[in-house]
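Visitor: Pasting a structure here, questions to come.
The values are calculated or read from the model by the stated rules, or taken from the named source; none is laboratory data. From a predicted model like this one, the values you see are computed outputs, not experimental measurements. Quick reminder, even Gly has a Cβ in these numbers, built from the backbone with ideal geometry, and neighbours come from all protein chains shown. Just so you know, the surface numbers come from the protein's heavy atoms only, side chains and all, with ligands and any DNA or RNA stripped out. Shrake-Rupley method; radii C 1.70, N 1.55, O 1.52, S 1.80 Å.
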Amino acid sequence: MEIKMADDIIKLLEYLFAKMGIAIDWSADNVMPYLEELGSHIVMYKMWTAIVMIGIMIVSLAAAWIICNILTKTFGTESDVNIFILVIRMVAVIVVITTIAFQSVTIVKCKTFPEIVIYDYISAKLNNNSN
């Protein structure tokens with residue numbers, strides 16, 4: 001798997017550099033520090049994206065809850081409105097919990113297996129470029 005991962009990284013970099021019109025010498029000693037730095041940037045990008053998504057979800061849940069409370073105060077105890085408000089709250093909670101769970105897994109991957117995060121990121125980019 002390491003050879004395939006290295007080949008995929010090289011393919012992606014060659015594709016990106018070809019788009020920019022840059023030729024790179026893979027035998028040079030300065031390539032490995034650059035690849036390590038690039039990998040750490042990818043991991044940090046994925047981790048901070050997950051953290052921001054968790055924050056957005058928490059704010060969205062709070063906003064949905066406040067809106068539902070306003071609707072409850074406005075319409076009182078009408079059964080149709082209360083059912084609608086209950087459905088909105090349930091959907092909001094389910095979406096937020098699911099998103100936070102997936103983003104938490106991403107954060108754990110970034111902290112424990114950064115190589116997998118880098119490989120997944122590069123594989124996704126290669127698959128998008130080949131389409």
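Visitor: Could you tell me what percent of the accessible area of region 44-124 is made up of carbon and sulfur, with a 1.4 Å probe and every protein chain present? Working shown, then result.
Guide: Values: 4220 of 5420 Å².
Reported share for carbon and sulfur atoms: 78 percent.
Visitor: In addition: List the chymotrypsin sites (Phe, Trp or Tyr not before Pro) within region 42-131 that DSSP assigns to loop and that have no more than 10 neighbouring Cβ atoms inside 10 Å.
Guide: Values: sites: 45, 48, 65, 75, 84, 102, 119, 121; in loops: none.
In loop regions of region 42-131 (DSSP not H, G, I, E or B), there are no sparsely surrounded chymotrypsin sites (Phe, Trp or Tyr not before Pro).
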